[in-house]
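Following: one structure in structure tokens, then a few remarks.
Each value in this text was obtained by applying a stated rule to the coordinates, not by laboratory testing. Worth saying up front: this structure is predicted, and the values here are computed from it rather than measured. Please note: Cβ atoms are built from the backbone with ideal geometry, for glycine as well, and neighbour counts cover all protein chains shown.
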Amino acid sequence: MDEPTREHGPQPLDGLLERWNLTNHDLVTASSEQLNHKQVQKARKGRHLSLHLMQKVMRAFNAAAVARLDPADKSAFVAYPHRQLFDYAKGHEPAAADPNEPLIPNLPD
């Protein structure tokens, strides 16, 4: 009987955090739901998370990303769904384009 794998390897979330110049601490700080550093690290490294925790990380990532934008760009931000951050999430599309690609070069230092 095959056991489902609990380790999925580095996730798209990890690459997006690097592209947005965000740290685990930025997500913890942006979260209003008691997200902790250990949970964010597990999410980045690919430890299997429950849907509830994936969505908690997603909301924190979106909040942290919006906080990095200039006020003029905030209205153009498209929130990332959890299936775009985790490759084992139901409905994940590996070839999906990043809707916020035009905003990333405009990030303030």
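With the structure loaded, tell me whether Ala67 is hydrophobic (A, V, I, L, M, F, W, C), surrounded by fewer than 17 Cβ atoms within 10 Å (Cβ to Cβ) and assigned to a helix (DSSP H, G or I) or whether it fails that test.
yes
Would you point out the residue of region 31-51, among those that are farther than 12 Å from Arg6 by Cβ and either in contact with a strand residue (DSSP E or B) (Cβ under 7 Å, 6 or more places away or on another chain) or among the charged types (D, E, K, R) (or both), that is surrounded by the most Cβ atoms within 10 Å (Cβ to Cβ)?
Among residues in region 31-51 that are farther than 12 Å from Arg6 by Cβ and either in contact with a strand residue (DSSP E or B) (Cβ under 7 Å, 6 or more places away or on another chain) or among the charged types (D, E, K, R) (or both), the one surrounded by the most Cβ atoms within 10 Å (Cβ to Cβ) is Arg44.
Please verify whether Pro94 is of a type outside the set (D, E, K, R), loosely packed, with under 13 Cβ neighbours inside 10 Å and within 24 Å of Thr5 (Cβ to Cβ), treating the condition exactly as stated.
yes
Would you check which residues across region 1-30 are in a helix (DSSP H, G or I) and surrounded by fewer than 12 Cβ atoms within 10 Å (Cβ to Cβ) and list them?
Glu18, His25
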